[in-house]
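Engineer: Input: one structure, supplied below.
The values are calculated or read from the model by the stated rules, or taken from the named source; none is laboratory data. These numbers come from a predicted model, not from an experiment. Counting neighbours? That spans all protein chains shown, and the Cβs are built from the backbone with ideal geometry, glycine included.
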Amino acid sequence: MKQPRRAGRSLFSGTGLFWAPLLALAIVGCGGKEEQRGAPATDKLVLGAYTVPKEAYEKEIIPAFQRLWFERTGRKVVFEQSYEASGAQARAVVEGFEADVVALSLEGDVDKITDAGLITHDWKDGPSRGIITRSVVVIGFRPGNPKNIRSWEDITGPDVDVLYPNPKTSGGAMWCVNAIYGAGLKMSEAATGRADSAQARELLMGVQRRVKVMDKSGRESVTTFERGIGDAIVTYENEALLRRLQGREFPFVVPEATILIENPAAMVDRNVEKHGVRELAGAFVEFLHSDEAQRAFARYGFRPVSPAVMLEFAEKYPTPPMVFDISYLGGWTSVREALYGPDGVWTKVTQELATEER
Amino acid sequence: MNRSWRRRTTDGSQLTLRGIGLGYIGLFVALPIIALGARAFAGGLPRLWENLTQPEALFSLRLTVIMAGAMILINVVMGTLTAWFLVRHRFPLRGLMNALIDLPFAIPTNVTGLMLVVLYGPQSSIGSFLSAGGVEVIYAKPGIVLALLFVTFPFVVRAVQPVLLELDRDVEEAASTLGAGRLAVFRKVILPSLLPAILTGAALSFSRALGEFGSVVMVAGNIPLRTQVAPVFVYGEIESDNPEGALGVSVVLLVGSLVVLILLNLLQRLGRRQDE
C-alpha cells in the first residue's frame, strides 16, 4: 500500500518536478511504438526516399509491390515511408533512421551511407548499376513562350529572370548547375572539337547573372515559378511532367546539350539485418528494376532505365543529341570540388557576380 | 510557529529549487550549446577560421546584423508607440488588437514568409505597384526586414506595455503643472522609465532575428553575397556536408546574441544602481 503513495509524492517533490519534462519528452518519443503490434502475417518495410518520386511510390509502386508480395508469400507488407530532401534523408539514415531501403537523388548520397558502414554489399552490382530512374535537366518557360526560350543561351539575356534551386542547400539542385556547365563544355566541344572550360564558365555565369531567386529545393523552386515569379526555370524533366500530370500547364524545352540525371536505390544492410527483412527488402529493390515498376516511373515523368520500357516511351522521352552524364564532368567527387568547392567554378562565379552592379 | 516552519523549509526547498533551475537551464539550454561549441572547435581553430572567413560566410553575417539592426530601429519606435497606443487610448476593439500582438509567435515562420510573398511579391497588386516605382520588396533586402519585423513584433510591445501601465501618472501631471511641455514630459519623465523595457525588447528581438530562418528563406531570394542571410548560409553548409562551416557561423551568431544579452543585463544593473 505504501509503495505507490511514495511514488506519487516523489513526482511532486523537487526531483520529481525536475524529471517531469524529461518524462514528457520520453512519452512523446515513444509515440510511434504502438503500431508495431500488427497481425502476425504482416511484414514491415521502412523506405527512406527523396521527395520528388513520392507520388509514384505512393500511388503505383508500393501498391503494386504489396500485391506482388501477397501473391508470392501470402503475407501483407506495410510500408513506413519517409520523404525528405535527398541529402537530409542520407544524413538521417547515417544518424540512425532505420530505413531498410533508400531511394535518393544522387549517388553521392548513397555513398554517404556506404561510407558510414551501413551498406556493406556492392549496391552498384547489376545491369543498371544501382540506378532506378533517370531524367534530364530542362528549361521551363511561360505559356506561349513570350521570351522565346529554346536553349541555354536564351536564358542569359538581360530581359529574362531565371529561377533555379541553390546547389548548396539541395543536392539535387547540383544537377541543374552541372547541366549548364556541362552543356557549355559540350557545345564548345561540338563547335571546336575541344571542350573549353572558359566557355562553360561563361555560360554558367551568364545564367547565374539572371538568377533571381534560389529556393532551397527543386520542388520549392517550381512552386515559386508557378506563383508567377521569373520568366524561365531550370528544373528536372520529371518535375515538369508531374505538373502536367496534375493537369497544370507547364511548357518546357529539353536543351540539345543537357545532363542525364541518375537516381539510385539501395538496400541498407545494417537495418535489414536488424529488422530481419533482407529478403523482403531485396525483393523490393529488385521490383524497382522490373518492367512493371519502370513503367510506373515512366508514367510519373521519370525516364526508365530498362531499355525495353524506354523503347515503349521513346516518344515521350526523346534523347537530346548532346546528352551527357556525370562521368563527362569527371564523376561526383571531382564535380563537388571543381564546381562547388571553395575555389569551384560556381562558387567563384557567384563571388564575381556579387561585385557587379545590378 | 509559523515562522519556524518557514525557516526550516527554506533551506531544503531553496536548494531543490536552485537545483531544478540550474538543472533545467543546463539540460535544455547549456548542454546543446556546449555540444555545438565543442563540435565547432573539434576540427581545430584554423579550420574554423578558414570557414568563417569565406566571403559568403562573412557577407551573410554582415547582412544578418544589418537587417536585424534596421528591424530594431523600426521595432523600437513603432513598438513603443503601439504599446503607448494600447495602454493610454480607449478605442473600439482594443481587446482584440491587444490579442493580435502575440499572434506572430503562433504562426509557423515559413507561413509568415509565404504570406509576405503573396502580399508583397512581384505578382501581387502591392508588389507590382511598388516595383513599377522601382522598389523591390520580396526577393530583396526590404523583404528580409519585413519578415524579421513580423516574427519579432511582440517583443518590444510586450516589454513596454506593463511598465507603461505601472507608470505613475501623477509625476507626469506634476511635470506639466511645473511648466514642462508634452515633449519634455515624454523625454524627461516617461522615456527614462521606459528605457530598460525598450532595451529588453530590442535585445530579445535582435537575438531572435539573428537566428530567423523559416520566413527569411522564403522572402530573401537567397543569392549568395547578395541576399543570403547567415541562417540560410548555415543551412546550406549543413546540406552540402560542411558542418564546420555551419558551426563557425553559428558560434558567431550565438556569441553575438550572448554579448547583446549580457550588455543589456549590465545596462539594467547600472540603471538600477543609479535609481538607488
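Engineer: Does residue A:139 satisfy being touching a residue at least 24 places away in the same chain (Cβ under 8 Å) and farther than 21 Å from residue A:305 by Cβ?
Structural biologist: Against the criterion (touching a residue at least 24 places away in the same chain (Cβ under 8 Å) and farther than 21 Å from residue A:305 by Cβ), residue A:139 qualifies.
Engineer: Go through the range A:74-92 and count every residue that is away from chain B (no Cβ under 14 Å) and either assigned to a helix (DSSP H, G or I) or of a type in the set (Val, Ile, Thr) (or both).
Structural biologist: Of the residues in that region, 2 qualify.
Engineer: Answer with yes or no whether residue A:108 is modelled with pLDDT under 95, of a type outside the set (A, V, I, L, M, F, W, C), closer than 30 Å to residue A:253 by Cβ and surrounded by fewer than 17 Cβ atoms within 10 Å (Cβ to Cβ).
Structural biologist: no
Engineer: Based on this model, can you work out whether residue B:105 counts as surrounded by fewer than 20 Cβ atoms within 10 Å (Cβ to Cβ) and part of a helix (DSSP H, G or I)?
Structural biologist: The answer is yes for residue B:105.
Engineer: Tally the residues that are within 20 Å of residue A:298 (Cβ to Cβ) and either surrounded by 21 or more Cβ atoms within 10 Å (Cβ to Cβ) or touching a Gly at 6+ places or on another chain (Cβ under 6 Å) (or both), restricting the search to the range A:223-249.
Structural biologist: 8
Engineer: Are there any helices (runs of 4 or more DSSP H) wholly within the range B:1-102 with 3 or more residues that are touching a helix residue (DSSP H, G or I) at 6+ places or on another chain (Cβ under 8 Å) and within 14 Å of chain A (Cβ to nearest Cβ), and if so which?
Structural biologist: Fully inside the range B:1-102 and qualifying: B:2-25, B:45-52, B:55-88.
Engineer: Select from the range B:204-245 the residues that are among the acidic types (Asp, Glu), touching a Pro at 6+ places or on another chain (Cβ under 9 Å) and facing chain A (nearest Cβ under 10 Å) and list them in ascending order.
Structural biologist: Once the filter is applied, which keeps residues that are among the acidic types (Asp, Glu), touching a Pro at 6+ places or on another chain (Cβ under 9 Å) and facing chain A (nearest Cβ under 10 Å), the range B:204-245 yields only B:237.
Residue by residue, here is whether (1) farther than 15 Å from residue A:171 by Cα; (2) surrounded by fewer than 19 Cβ atoms within 10 Å (Cβ to Cβ) holds:
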| position | (1), (2) |
| --- | --- |
| A:304 | yes, no |
| A:316 | yes, yes |
| A:321 | yes, yes |
| A:326 | no, no |
| A:330 | yes, yes |
| A:336 | no, yes |
| A:341 | no, yes |
| A:349 | yes, no |
| A:352 | yes, yes |
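Engineer: Restricting attention to the range A:38-52, which residues are within 20 Å of residue A:282 (Cβ to Cβ) and buried (at least 17 other Cβ atoms within 10 Å of the Cβ)?
Structural biologist: Selection gives A:43, A:45, A:46, A:47, A:48, A:49.
Engineer: Could you grab me the full set of residues in the range B:12-48 that are closer than 25 Å to residue B:244 by Cβ and without any contact (Cβ under 8 Å) to a residue 12 or more places away in the chain?
Structural biologist: Listed by number, the residues that qualify are B:29, B:30, B:31, B:32, B:34, B:35, B:38, B:41, B:42, B:44, B:45, B:46.
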